[in-house]
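The values are calculated or read from the model by the stated rules, or taken from the named source; none is laboratory data. Values in this document were obtained by computation on a predicted structure and should not be read as measured data. Quick reminder, even Gly has a Cβ in these numbers, built from the backbone with ideal geometry, and neighbours come from all protein chains shown. With ligands, DNA and RNA removed, areas are computed over all heavy atoms of the protein, side chains included. Shrake-Rupley method; radii C 1.70, N 1.55, O 1.52, S 1.80 Å.
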Amino acid sequence: MAALRAANQEGRDFRVEWLDRKSTTAVFAIHGGTIEPGTSEAARAVAGSDWSYYLFEGLKPSARRPHELHVTSKRFDDPSAAALAGSAALAVSLHGAFDTDEKTCIGGTNALKRASMARAFAAAGFQVEEPCRRLPGASRRNIANRAGEGGVQLELSEGLRARLRAEPALLGRFAAALREGLRQP
(Lines give C-alpha, C1' and ligand atoms only; values in the text may rest on other atoms or scores of the structure.)
Protein backbone atom coordinates (compact mmCIF):
# COMPACT_ATOMS: atom_id res chain seq x y z
CA MET A 1 0.00 0.00 0.00
CA ALA A 2 2.87 2.39 0.66
CA ALA A 3 4.10 1.95 -2.92
CA LEU A 4 0.58 2.40 -4.29
CA ARG A 5 0.09 5.58 -2.27
CA ALA A 6 3.48 6.92 -3.41
CA ALA A 7 2.59 6.41 -7.08
CA ASN A 8 -1.02 7.62 -6.92
CA GLN A 9 -2.96 10.50 -5.45
CA GLU A 10 -5.78 9.93 -2.99
CA GLY A 11 -8.88 11.77 -4.15
CA ARG A 12 -7.79 11.68 -7.79
CA ASP A 13 -6.76 8.05 -8.41
CA PHE A 14 -8.39 6.32 -5.45
CA ARG A 15 -10.38 6.96 -2.31
CA VAL A 16 -10.69 5.19 1.01
CA GLU A 17 -13.94 5.11 2.96
CA TRP A 18 -14.31 3.32 6.25
CA LEU A 19 -16.54 3.41 9.28
CA ASP A 20 -15.85 1.59 12.54
CA ARG A 21 -19.23 0.90 14.13
CA LYS A 22 -17.62 -1.31 16.79
CA SER A 23 -19.53 -4.27 15.34
CA THR A 24 -18.42 -7.88 15.60
CA THR A 25 -18.52 -8.14 11.78
CA ALA A 26 -16.48 -6.00 9.39
CA VAL A 27 -17.17 -5.86 5.65
CA PHE A 28 -14.44 -5.09 3.10
CA ALA A 29 -14.29 -4.16 -0.59
CA ILE A 30 -10.59 -3.59 -1.18
CA HIS A 31 -10.96 -3.58 -4.97
CA GLY A 32 -13.95 -1.26 -5.23
CA GLY A 33 -14.79 1.52 -7.62
CA THR A 34 -13.32 1.02 -11.09
CA ILE A 35 -11.04 -1.84 -9.98
CA GLU A 36 -13.78 -4.48 -9.58
CA PRO A 37 -17.03 -2.58 -10.24
CA GLY A 38 -19.97 -3.41 -8.03
CA THR A 39 -18.02 -4.62 -5.02
CA SER A 40 -18.28 -1.31 -3.13
CA GLU A 41 -22.03 -1.13 -3.64
CA ALA A 42 -22.42 -4.72 -2.47
CA ALA A 43 -20.22 -4.11 0.59
CA ARG A 44 -22.23 -1.02 1.59
CA ALA A 45 -25.48 -2.97 1.22
CA VAL A 46 -24.13 -5.85 3.31
CA ALA A 47 -22.80 -3.53 6.04
CA GLY A 48 -26.18 -1.83 6.27
CA SER A 49 -26.46 0.64 9.12
CA ASP A 50 -24.90 -1.51 11.82
CA TRP A 51 -21.73 -3.30 10.61
CA SER A 52 -18.30 -1.74 10.19
CA TYR A 53 -16.94 -1.42 6.67
CA TYR A 54 -13.85 -0.48 4.70
CA LEU A 55 -13.75 0.40 0.98
CA PHE A 56 -10.73 1.02 -1.20
CA GLU A 57 -12.10 2.41 -4.46
CA GLY A 58 -10.31 3.03 -7.71
CA LEU A 59 -11.24 6.29 -9.39
CA LYS A 60 -9.20 5.86 -12.57
CA PRO A 61 -11.38 5.27 -15.62
CA SER A 62 -11.17 1.72 -16.88
CA ALA A 63 -9.39 2.97 -19.99
CA ARG A 64 -6.56 4.07 -17.68
CA ARG A 65 -6.02 0.55 -16.32
CA PRO A 66 -7.63 0.57 -12.85
CA HIS A 67 -5.85 -2.68 -12.06
CA GLU A 68 -2.76 -0.57 -11.38
CA LEU A 69 -4.53 -0.08 -8.06
CA HIS A 70 -5.09 -3.78 -7.38
CA VAL A 71 -3.27 -4.97 -4.26
CA THR A 72 -3.80 -8.65 -3.47
CA SER A 73 -5.74 -9.56 -0.34
CA LYS A 74 -2.73 -10.98 1.44
CA ARG A 75 -0.60 -7.91 0.63
CA PHE A 76 -3.30 -5.38 1.51
CA ASP A 77 -1.78 -3.65 4.51
CA ASP A 78 -3.54 -0.31 4.83
CA PRO A 79 -3.36 0.44 8.59
CA SER A 80 -7.05 1.41 8.84
CA ALA A 81 -8.16 -1.82 7.15
CA ALA A 82 -5.81 -3.95 9.24
CA ALA A 83 -7.03 -2.31 12.47
CA LEU A 84 -10.67 -2.78 11.50
CA ALA A 85 -10.13 -6.44 10.60
CA GLY A 86 -8.16 -7.04 13.79
CA SER A 87 -10.90 -5.56 15.96
CA ALA A 88 -13.70 -7.67 14.42
CA ALA A 89 -14.68 -11.20 15.34
CA LEU A 90 -15.49 -11.99 11.69
CA ALA A 91 -14.57 -10.32 8.40
CA VAL A 92 -16.29 -10.56 5.03
CA SER A 93 -14.44 -9.41 1.94
CA LEU A 94 -16.21 -8.93 -1.40
CA HIS A 95 -14.22 -9.25 -4.63
CA GLY A 96 -14.95 -9.37 -8.32
CA ALA A 97 -14.29 -12.42 -10.46
CA PHE A 98 -14.35 -11.99 -14.22
CA ASP A 99 -16.62 -14.92 -15.05
CA THR A 100 -19.65 -13.90 -17.10
CA ASP A 101 -22.10 -16.19 -15.30
CA GLU A 102 -23.99 -15.16 -12.16
CA LYS A 103 -22.21 -16.96 -9.36
CA THR A 104 -20.62 -16.32 -5.97
CA CYS A 105 -17.52 -18.33 -5.14
CA ILE A 106 -17.04 -18.53 -1.36
CA GLY A 107 -13.60 -18.87 0.22
CA GLY A 108 -11.86 -17.80 3.39
CA THR A 109 -10.68 -19.55 6.54
CA ASN A 110 -13.97 -19.73 8.45
CA ALA A 111 -15.38 -22.99 7.07
CA LEU A 112 -18.54 -22.89 9.20
CA LYS A 113 -19.54 -19.45 7.95
CA ARG A 114 -18.62 -20.36 4.36
CA ALA A 115 -21.02 -23.31 4.53
CA SER A 116 -23.83 -21.37 6.22
CA MET A 117 -23.48 -18.57 3.67
CA ALA A 118 -23.63 -21.06 0.82
CA ARG A 119 -26.86 -22.50 2.25
CA ALA A 120 -28.39 -19.03 2.69
CA PHE A 121 -27.42 -17.92 -0.83
CA ALA A 122 -28.80 -21.13 -2.36
CA ALA A 123 -32.05 -20.73 -0.41
CA ALA A 124 -32.35 -17.18 -1.80
CA GLY A 125 -31.88 -18.45 -5.36
CA PHE A 126 -28.22 -17.50 -5.90
CA GLN A 127 -25.74 -19.85 -7.56
CA VAL A 128 -22.73 -20.61 -5.34
CA GLU A 129 -19.50 -22.55 -5.31
CA GLU A 130 -18.18 -23.45 -1.86
CA PRO A 131 -15.39 -23.87 -1.22
CA CYS A 132 -13.97 -21.64 -3.91
CA ARG A 133 -11.37 -23.79 -5.63
CA ARG A 134 -9.85 -21.23 -7.98
CA LEU A 135 -9.64 -18.35 -5.47
CA PRO A 136 -9.75 -19.96 -2.00
CA GLY A 137 -8.77 -16.87 -0.01
CA ALA A 138 -7.05 -19.14 2.49
CA SER A 139 -3.92 -17.18 3.37
CA ARG A 140 -3.73 -16.12 7.01
CA ARG A 141 -2.40 -12.77 5.74
CA ASN A 142 -5.59 -12.19 3.68
CA ILE A 143 -7.36 -9.11 5.06
CA ALA A 144 -10.55 -11.17 5.50
CA ASN A 145 -8.77 -13.75 7.63
CA ARG A 146 -7.24 -11.29 10.10
CA ALA A 147 -10.39 -11.14 12.23
CA GLY A 148 -10.55 -13.14 15.45
CA GLU A 149 -12.64 -15.96 13.97
CA GLY A 150 -11.14 -15.65 10.50
CA GLY A 151 -13.22 -14.64 7.57
CA VAL A 152 -15.08 -15.28 4.39
CA GLN A 153 -14.00 -14.11 0.94
CA LEU A 154 -16.67 -13.82 -1.72
CA GLU A 155 -15.77 -13.71 -5.40
CA LEU A 156 -18.76 -12.22 -7.25
CA SER A 157 -18.82 -12.96 -10.96
CA GLU A 158 -18.98 -10.10 -13.44
CA GLY A 159 -22.46 -11.20 -14.51
CA LEU A 160 -23.76 -11.15 -10.94
CA ARG A 161 -22.15 -7.79 -10.16
CA ALA A 162 -23.74 -6.26 -13.26
CA ARG A 163 -27.17 -7.47 -12.19
CA LEU A 164 -26.68 -6.31 -8.59
CA ARG A 165 -25.79 -2.81 -9.83
CA ALA A 166 -28.80 -2.71 -12.18
CA GLU A 167 -31.38 -4.23 -9.82
CA PRO A 168 -31.55 -2.67 -6.34
CA ALA A 169 -34.09 -5.28 -5.15
CA LEU A 170 -31.70 -8.07 -6.13
CA LEU A 171 -28.85 -6.32 -4.30
CA GLY A 172 -31.07 -6.13 -1.21
CA ARG A 173 -31.87 -9.83 -1.49
CA PHE A 174 -28.17 -10.65 -1.88
CA ALA A 175 -27.20 -8.59 1.18
CA ALA A 176 -30.01 -10.14 3.24
CA ALA A 177 -28.93 -13.67 2.25
CA LEU A 178 -25.31 -12.94 3.16
CA ARG A 179 -26.30 -11.52 6.54
CA GLU A 180 -28.60 -14.47 7.17
CA GLY A 181 -25.77 -16.85 6.35
CA LEU A 182 -23.57 -15.17 8.94
CA ARG A 183 -26.32 -15.39 11.59
CA GLN A 184 -26.66 -19.14 11.13
CA PRO A 185 -24.37 -21.42 13.14
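Conditions tested, residue by residue: (1) surrounded by fewer than 21 Cβ atoms within 10 Å (Cβ to Cβ); (2) within 16 Å of the chain's Cα centre (by Cα); (3) closer than 20 Å to Glu36 by Cβ.
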position: Gly108; (1), (2), (3): no, yes, yes
position: Gln127; (1), (2), (3): yes, no, yes
position: Arg134; (1), (2), (3): yes, no, yes
position: Arg141; (1), (2), (3): yes, yes, yes
position: Ala144; (1), (2), (3): no, yes, yes
position: Gly150; (1), (2), (3): no, yes, no
position: Leu156; (1), (2), (3): no, yes, yes
position: Leu164; (1), (2), (3): no, yes, yes
position: Glu167; (1), (2), (3): yes, no, yes
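Listed residues Arg179, Arg119; which is within 15 Å of the chain's Cα centre (by Cα) and modelled with pLDDT of 95 or more?
Arg179
Please determine whether any residue of region 113-125 is open to solvent by less than 10 Å² (accessible area, probe 1.4 Å), over 27 Å from Ala2 (Cβ atoms) and outside any helix (DSSP H, G or I).
No: zero hits.
Quick one: is Arg15 charged (D, E, K, R) and either over 17 Å from the mean Cα position of the chain (by Cα) or in a loop (DSSP other than H, G, I, E, B) (or both)?
The answer is no for Arg15.
Of the residues Thr100, Thr24, which single one is farther than 26 Å from Leu170 by Cβ, open to solvent by 60 Å² or more (accessible area, probe 1.4 Å) and β-branched (Val, Ile, Thr)?
The conditions single out Thr24.
Return the pairs, sorted by first residue and then second, in which the second residue is among the polar types (S, T, N, Q) and in a loop (DSSP other than H, G, I, E, B), the first residue lies in region 136-150 and is at positive phi, the beta carbons are less than 9 Å apart, and the residues are 6+ apart or on different chains.
These pairs meet every condition: Gly137/Ser73; Gly137/Thr109; Gly150/Thr109; Gly150/Asn110.
If I filter region 18-41 down to residues being part of a helix (DSSP H, G or I) and among the polar types (S, T, N, Q), which single residue comes out as nearest to Gly96 (Cα to Cα)?
Thr39
Does Glu10 fit the bill of being open to solvent by 10 Å² or more (accessible area, probe 1.4 Å) and modelled with pLDDT of 95 or more?
In short, no.
What number goes with the only condition from (1) modelled with pLDDT of 90 or more; (2) buried (at least 16 other Cβ atoms within 10 Å of the Cβ); (3) not in a helix (DSSP H, G or I) that Arg44 does not pass?
So the condition that Arg44 fails would be (3).
Please list, ordered by first then second residue, the pairs with beta carbon atoms under 7 Å, 6 or more apart or interchain, first in region 3-15 and in contact (Cβ under 8 Å) with a residue 40 or more places away in the chain, second in a strand (DSSP E or B).
Asn8/Phe14; Phe14/Phe56; Phe14/Glu57; Phe14/Gly58; Arg15/Glu57
Given the conditions (1) in a loop (DSSP other than H, G, I, E, B); (2) open to solvent by 70 Å² or more (accessible area, probe 1.4 Å); (3) aromatic (Phe, Trp, Tyr), which single one is not true for Phe76?
(2)
If you check every pair at least six apart or on different chains, which have Cβ atoms under 8 Å apart with a residue in region 160-182 that is more than 16 Å from Glu102 (Cβ to Cβ) and assigned to a helix (DSSP H, G or I) first and a residue that is open to solvent by less than 20 Å² (accessible area, probe 1.4 Å) and of a type outside the set (A, V, I, L, M, F, W, C) second?
Partner pairs satisfying both residue conditions: Gly181/Ser116; Leu182/Thr25; Leu182/Ser116.
Which numbered condition trips up Gly125, out of (1) closer than 14 Å to Ala176 by Cβ; (2) touching a Gly at 6+ places or on another chain (Cβ under 7 Å); (3) not aliphatic (A, V, I, L, M)?
Failing condition for Gly125: (2).
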